[in-house]
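Each reported figure results from applying straightforward, stated rules to the coordinates on display, with no laboratory input. Model, not experiment: these values are computed from the prediction. Cβ sites come from the backbone with ideal geometry, for glycine too, and all protein chains shown count toward neighbours.
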């Protein structure tokens, strides 16, 4: 980002992204010229607002992988079929050589920009990297959720939701020690704030690591469970280096709850000393507990993840845990995180499933996401799978070289096109 862009406030910065364009540093995506209805000399036979032509459509929601065109009308998917004539649309873009998929969904980001160093600009780092929907995972507690909703969620081009942290401070004062004072952990006020900020709030979040909760993790978990029950919302738990054994944590969860940082290399993770997935983890999955990646700066290790995949234990969703400390590595963005799973042997179709239809079913968003089914909101990601030699780094500093990497080249959010510079 240029010095001038750094000096813009959040609203000015987002406006600049959605205007006539901005230059990008290498490896950085910036939104550029997102406008429809701009085709000169339009035809009277136009049926669509936007036509994405010549790409390979990969829609795991319908087991679809084929050379097809995608048409958009009135902010909705209008057609997914072959050989739609360009003159049927006001605007046509070529996706030749690219993958066209439902809009990517990132279940774990931190976008309370300006309130904490961890907060990133959602439009730059989510929509600007092909993610059309993202969930802020606990940046705000009950005193600050209204601010997150008013100043970030309601003003961003990215479709945003929030998990409400059980701690009043959320991540506003940094990541450490925020749950060691139980006076700041109030399930009644958390439930009240969650209900008052629906449909923005779609779940409750609790971070149980020693550096956050100390030895209070059992009581924090109990109070988070209480808030989740009172609101009938799912609970997302941050694990890794907990005081409480993982077995006890998992026993408190109900079907539909989520364990994030599932491949963390920190102690008290999901594997034993030999790298074998713990039986209590397998039993939890059988009960309907979901396991999310949540890469972040500290919570993803190649070796551990590879061992889990070899045992057939795949995540239920791949998320970035993108925050200020990880935008320049090791996370970078969601497509880089997805590419690490390509390196570890998953197919393009599988990683896209774990970033589209699977996270679409994790929470109740109030609408159907993660699919290109006609009639649904036109959220679309256009990706390029490039061949080459790409170095990837995990949270431990371990490096591996992959032969393929996904890059976002364009995104459609509610029918509006955003071309991305990568």
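A few notes on this one:
- Descending by average beta-carbon neighbour count within 10 Å, the peptides 177-190, 94-107, 270-283, 402-415 line up as 94-107, 402-415, 177-190, 270-283, the highest first.
- Contact order relative to length of the stretch 103-360, as percent, for alpha carbon pairs under 8 angstrom and 6 or more apart: 18 percent
- Between the helical axis of 187-196 and the longest alpha-carbon principal axis of the chain there is an angle of about 20 degrees.
- Counting DSSP beta bridges with both ends in the stretch 93-215, the antiparallel % (nearest 5): 5 percent
- GNM result for the chain, Cα springs below 10 Å: residue of 238, 108, 65 fluctuating most strongly: 65
- Distance from the stretch 377-422 to the stretch 168-215 (C-alpha centre basis), Å: 32 Å
- Among 115, 71, 168, residue whose mean-square fluctuation peaks in a GNM of the chain (springs only between Cα atoms under 10 Å): 115
- Whether the stretch 240-375 is rounded, prolate or oblate, judged on the alpha carbon gyration tensor where a/c under 1.5 counts as rounded: oblate
- The stretch 90-193 - percent relative contact order, Cα under 8 Å, separation 6 or more: 25 percent
- Among 262, 126, the order by Cβ neighbours within 10 angstrom, fewest to most, reads 262, 126.
- Rounded, prolate or oblate (a/c below 1.5 giving rounded, otherwise prolate when a/b exceeds b/c) for the stretch 324-422 by Cα gyration tensor: prolate
- For the stretch 272-422, averaging the sequence separation of C-alpha pairs within contact (under 8 Å, six or more residues apart) and dividing by the residue count gives a relative contact order of 20 percent.
- Taking the longest Cα principal axis of the chain as reference, the axis of helix 334-343 is set at about 80 degrees.
- Listed from fewest to most Cβ neighbours within 10 Å, the set 362, 92, 81, 264 follows the order 81, 92, 362, 264.
- Only one item in [x] 68, 43, 41; [y] 61, 56, 41; [z] 68, 55, 39 matches Cα extents along the principal axes in Å derived from the coordinates shown, and that item is [x].
- Tensor-based shape of the stretch 89-244 (alpha-carbon gyration tensor, a/c under 1.5 rounded, otherwise prolate or oblate): prolate
- Likely footprinting exposure, 365, 112, fewest C-beta neighbours within 10 Å first: 365, 112
- Counting DSSP beta bridges with both ends in the chain, the antiparallel % (nearest 5): 55 percent
- Computed from Cα atoms, the angle from the helix 217-231 axis to the main principal axis of the chain rounds to 50 degrees.
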